1. Going by the structure shown, is Gly19 at positive phi and open to solvent by less than 40 Å² (accessible area, probe 1.4 Å)?
2. Can you name the helices (runs of 4 or more DSSP H) wholly within the chain that have at least 1 residues being without any contact (Cβ under 8 Å) to a residue 12 or more places away in the chain and of a type in the set (Asp, Glu)?
3. Just to be sure, is Val51 under 13 Å from Arg69 (Cα atoms), surrounded by 11 or more Cβ atoms within 10 Å (Cβ to Cβ) and more than 15 Å from the chain's Cα centre (by Cα)?
4. Only one of these conditions is not met by Ala61: (1) open to solvent by less than 90 Å² (accessible area, probe 1.4 Å); (2) in contact with a strand residue (DSSP E or B) (Cβ under 7 Å, 6 or more places away or on another chain); (3) hydrophobic (A, V, I, L, M, F, W, C). Which number is it?
5. Return yes or no: is Ser10 over 15 Å from the mean Cα position of the chain (by Cα) and either open to solvent by 90 Å² or more (accessible area, probe 1.4 Å) or not acidic (Asp, Glu) (or both)?
6. Given the structure, is Asp43 of a type in the set (D, E, K, R), under 17 Å from Arg2 (Cα atoms) and either exposed (fewer than 12 other Cβ atoms within 10 Å of the Cβ) or at pLDDT below 95 (or both)?
Amino acid sequence: RRDLATTIRSFLYSLWSQGMLDGATHNEAYNVKCDGENNSDIDVRNGMLTVDVMFRPPFPAEFVRIRFRQTPMEVPE
């Protein structure tokens, strides 16, 4: 989870540094959450992964929130 969040943050930082996201600092421009708060122990044990990404695009939107969720694939018998 930490590696995934770091990869997404790096991508968003690149967008912010090119002026593609609003915010005086990168902390104002985006946020990535992929931790115990949005991934309960039960979900982790069941192989589920949730990543919440919030970013501030240029006008007119204030923030956009995207939730990615991965669940294990079921193997047909």
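1. No: the conditions fail for Gly19.
2. Ranges flagged: 2-17, 41-45.
3. no
4. Just one mismatch for Ala61, condition (2).
5. Values: over 15 Å from the mean Cα position of the chain (by Cα): no; either open to solvent by 90 Å² or more (accessible area, probe 1.4 Å) or not acidic (Asp, Glu) (or both): yes.
When the stated conditions are applied, Ser10 does not pass them.
6. On the way: of a type in the set (D, E, K, R): yes; under 17 Å from Arg2 (Cα atoms): yes; either exposed (fewer than 12 other Cβ atoms within 10 Å of the Cβ) or at pLDDT below 95 (or both): yes.
Judged against the criteria, Asp43 is a match.
The values are calculated or read from the model by the stated rules, or taken from the named source; none is laboratory data. From a predicted model like this one, the values you see are computed outputs, not experimental measurements. Cβ coordinates were reconstructed from backbone atoms using ideal geometry, including for glycine residues, and neighbour counts include every protein chain displayed. Remember, those area values only see protein heavy atoms, side chains included, never the ligands or the DNA or RNA. Shrake-Rupley method; radii C 1.70, N 1.55, O 1.52, S 1.80 Å.
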